[in-house]
Amino acid sequence: MLALPGAAVAIQAAVSFILIIGLYHLARAMQLGGDVRIRDEAHARELADAAISGFAPQDIALDRARIGALLRDANGRVLVLRRHGSHFAARLLPDHAGVRLDRQFLTLTPGEPRFGTITLELGPEAQAWAASLRRLGDRA
């Protein structure tokens, strides 16, 4: 009995729409995707402590877009934070070999291929950070 083929198509479309909305809400509840940014210095501190337990930054420089940050602790260690998907990755900078300054942009390559290179827009702070990073590796 094919009296209402249009009704069957409409029902199928409605069920598909409801399932799509359900998947959207499930993804939101699981906090998947989205535009993840470092909210503020306190958030950067939390991310640093999660990456390296006990890392207590004294100096913090946030990227203008809040996708990365530089953090220095009392021992002079510098941690680089960068967005990696919907999370953040962190690495200690071993030396200044992978540091490049271009006006207000600081490009960092920690030396680990999986971490990659990140360019941070630090504004006027970029020059001061670049100068201080030249001393990395001298503390042995």
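Read-outs throughout are calculated quantities, based only on the coordinates presented, and are distinct from any laboratory measurement. Note that the structure is predicted; figures quoted are calculated from it, not measured. Cβ sites come from the backbone with ideal geometry, for glycine too, and all protein chains shown count toward neighbours.
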At LEU26 and ASP49, where each label point lies 7 Å from the Cα along Cα→Cβ, what is the point-to-point distance in nanometres?
3.5
Output the DSSP H helices from the chain with an along-axis C-alpha extent of no less than 24 Å and a mean Kyte-Doolittle hydropathy no less than -1.0.
5-29
Just the Cα atoms of the chain, one point each, no solvent: what log10 I(q)/I(0) does Debye give at q = 0.12, 0.19, 0.21 Å⁻¹?
-0.55, -1.08, -1.26
